[in-house]
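The values are calculated or read from the model by the stated rules, or taken from the named source; none is laboratory data. Model, not experiment: these values are computed from the prediction. Positions of Cβ are generated from backbone atoms using ideal geometry, with glycine treated the same way; all protein chains shown enter the neighbour counts. Only protein heavy atoms, including side chains, enter the accessible area calculation; ligands, DNA and RNA are left aside. Shrake-Rupley method; radii C 1.70, N 1.55, O 1.52, S 1.80 Å.
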Amino acid sequence: MAGELNWQREAATLHLTGELDSDTVGPVWLQREQIMAGIKVLNLSGLSRVDTSGVALLIHLVDFARRQNVEIELQGASENLQTLTKLYNLPEDILPAFAG
């Protein structure tokens with residue numbers, strides 16, 4: 001059974017909660033322009049699971065923001081997500097370092 005992914009905007013912060021995986025990234029991808037408008041911080045502390053599809057979506061969201069001349073800050077990434085990005089050896093210019 002697929003998990004759920006929820007998002008909530010609070011000022012310039014987008015809070016993601018639930019599971020960010022191949023079963024849940026579709027709706028965010030389809031609405032990425034509306035979801036990311038004015039967002040400067042992605043708060044990931046509410047994510048219980050992230051797979052490679054989720055990492056790919058995060059990379060695209062960061063890239064989308066940069067094309068709008070916005071530098072995104074990532075906050076609250078789990079150890080598992082940080083490990084996954086290290087295993088892929090992603091340079092910081094693709095996916096910025098995770099803050100607290």
Problem - Summed side-chain charge close to Gly54 - residues other than Gly54 whose Cβ falls under 11 Å, Lys, Arg +1, Asp, Glu -1 - result: -3
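Calculate, in nm to one decimal, what Glu33 and Arg49 gain on full extension: separation in residues at 0.36 nm each, minus their alpha carbon distance. Please list the in-between numbers first.
Values: separation 16, 0.36 × 16 = 5.76 nm, distance 2.34 nm.
Here the segment from Glu33 to Arg49 would lengthen by 3.4 nm.
Determine the share of the chain's accessible area contributed by carbon and sulfur atoms, expressed in whole percent, with a 1.4 angstrom probe.
Numbers: 2770 of 5850 Å².
That share works out to 47 percent.
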Problem - Heavy-atom SASA rank of Lys86, Lys40 (probe 1.4 Å, accessible area, largest first) - result: Lys86, Lys40
Handout entry: Heavy-atom accessible area ranking, 1.4 Å probe, most first, across Leu42, Leu84
Key = Leu84, Leu42
Problem - Solvent accessible area, Å² - Arg66, 1.4 Å probe, full protein context - result: 70 Å²
Practice task
Mind checking the per residue accessible area of the chain for me, 1.4 Å probe, whole number of Å²?
Solution key: 59 Å²
